[in-house]
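Shown next, in structure tokens, is the structure this report addresses.
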Amino acid sequence: MANIIEVCEALVEIVKIYTGKFHDLHPGEKDTPLKKCIAELINEYGMDIFYKEYHSKKDAFLKISKDSRTRIMHIKRKYPKKYFNGQESLIYLAKYTFLYRHILLQLLGIDYEKYREHLIQYVASLDKFNGMVDNMLEHL
């Protein structure tokens with residue numbers, strides 16, 4: 001989970017190179033924190049994937065994504081901030097994977113409409129799984 005969130009900074013760089021988007025972002029520098037990279041990637045490519053999170057508690061979701069990465073990468077057992085639990089991590093691992101696939105397919109020139117409906121169906125299944133997404137959002 002930590003690695004897939006961490007890769008957001010690298011994806012911003014790749015998208016910048018191939019599309020010219022995100023020209024104001026400079027991953028790794030103080031003016032472009034990880035949370036901002038995640039937000040911009042989702043704004044541009046992930047609204048169908050993270051619709052519930054963005055229309056419910058966008059800032060809290062971005063913070064928990066960043067904090068989950070921090071907790072795991074820095075091996076902090078007693079981390080005081082909210083982070084994805086084990087089951088939530090599995091769901092968001094899948095959602096972030098869908099985001100990365102979508103970005104790469106866009107960079108390859110694959111028409112989004114050819115797979116959009118399937119992506120939305122998969123995301124809906126994840127969103128409904130044991131009510132975990134709704135439960136997590138309620139507790140943010």
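Taken together, the values in this text are just the output of simple stated rules run on the coordinates, not laboratory data. Keep in mind the model is a prediction, meaning the values are calculated, not measured. So basically every Cβ, Gly included, is an ideal-geometry build from the backbone, and we count neighbours across all protein chains shown.
Cross-linked pairs K57/K95; K16/K57; K52/K95; K57/K114; K21/K52: Cα-Cα separations exceed 22 Å for K16/K57; K57/K114; K21/K52. Within the straight-line cut-off of under 13 Å between alpha carbons, the aspartates and glutamates reachable from K63 are E53, sequence neighbours fewer than 8 places apart in one chain being disregarded.
Here the extension length gained between L105 and H55 equals 15.5 nm, from 0.36 nm per residue of separation less the Cα-Cα distance. The H on the amide N of Y115, modeled in the peptide plane, is under 5 Å from the matching H of no residue at least 5 residues off or on a different chain.
Coupling constants for region 116-123 follow from the phi torsions by the Karplus curve (6.51 cos²θ - 1.76 cosθ + 1.60, θ = phi - 60°), and in residue order they are 4, 4, 5, 4, 4, 5, 5, 5 Hz; glycine and proline get x. The protection proxy used here, the mean number of other Cβ atoms lying within 10 Å of each residue, ranks peptides 60-67, 23-30, 120-127 as follows, highest first: 60-67, 120-127, 23-30.
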